[in-house]
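Working notes, structure below.
The values are calculated or read from the model by the stated rules, or taken from the named source; none is laboratory data. Quick caveat, the model's predicted, so the values are computed rather than measured. Please note: Cβ atoms are built from the backbone with ideal geometry, for glycine as well, and neighbour counts cover all protein chains shown. Note: accessible area is taken over every heavy atom of the protein model, side chains too, but ligands, DNA and RNA are not part of it. Shrake-Rupley method; radii C 1.70, N 1.55, O 1.52, S 1.80 Å.
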Amino acid sequence: MLLGCLGCGTTREKLATEQLLLSDAVDRAVAHIDFSPLRGEKVYLDTQYVKQLPSNPNSFVNADYIVSSLRQQMVQAGCLLQENQEDAEYIAEARVGALGTDGHDVNLGVPPNQTLNAAASFVAGGVALPTLPEISLARRQHDTAAAKIAVFAYRRESKERAWQSGSSVARSRAQGRWILGAGPFE
């Protein structure tokens with residue numbers, strides 16, 4: 001009876017947190033790209049190498065989000081964006097080297113357990129028993145997102161190199177802590 005009074009919880013999908021982490025990592029990586037050497041120039045942003053990953057086609061933070069962030073940064077730097085390559089003096093080619101999340105959870109307590117259910121299955125006519133829930137004194141959850149974006153530019157007609165950003169890598173982090181089932185404290 002005492003365990004029922006301490007509280008219980010439900011594990012839910014962390015889609016909003018993942019989207020915030022990913023979009024923040026993209027925004028940070030793009031913000032570090034200095035397009036000012038192309039200020040006042042007619043530039044076409046070639047995005048053929050910024051593709052949506054088939055493993056996560058419904059992700060909100062996708063190729064379109066990255067392209068829009070790059071376009072915003074270019075306009076802010078004073079680039080004159082062109083919709084057609086033929087109208088541009090420079091072609092800026094973008095690529096994404098990484099975009100993803102990682103997570104790490106630590107539980108100080110007893111993890112969920114199916115031992116009783118497994119033992120009951122060996123007994124003839126044994127009744128299936130429920131899984132024992134997690135009994136946690138403290139728990140920590142740490143989530144990280146990373147983005148790696150690079151852009152380079154060349155003259156459209158001569159194909160002569162003009163500028164490169166180098167790799168812009170950014171990370172975004174979130175963590176929560178639970179104490180005796182209360183939380184998350186972020």
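Applying 1/(1 + (r/R0)^6) with R0 = 30 Å to the Cβ-Cβ distance of ARG155 and GLN19 gives a FRET efficiency near 0.20.
Note on HIS32: accessible area is roughly 140 Å² with a 1.4 Å probe, heavy atoms of protein only.
Points 7 angstrom from Cα along the Cβ direction at ARG173 and HIS142: gap in nanometres? Inter-label distance under the simple model: 0.7 nm. In this rough spin-label picture, where each label sits 7 Å from Cα along the Cβ direction, the ARG71-ASN107 distance is 4.5 nm. Taking every protein chain into account, the 1.4 Å probe leaves LYS51 with about 150 Å² of accessible area, to the nearest ten.
Modelled label-to-label distance, LYS51 and GLN114, 7 Å Cα→beta-carbon offset: nm? So the label points at LYS51 and GLN114 sit 3.7 nm apart.
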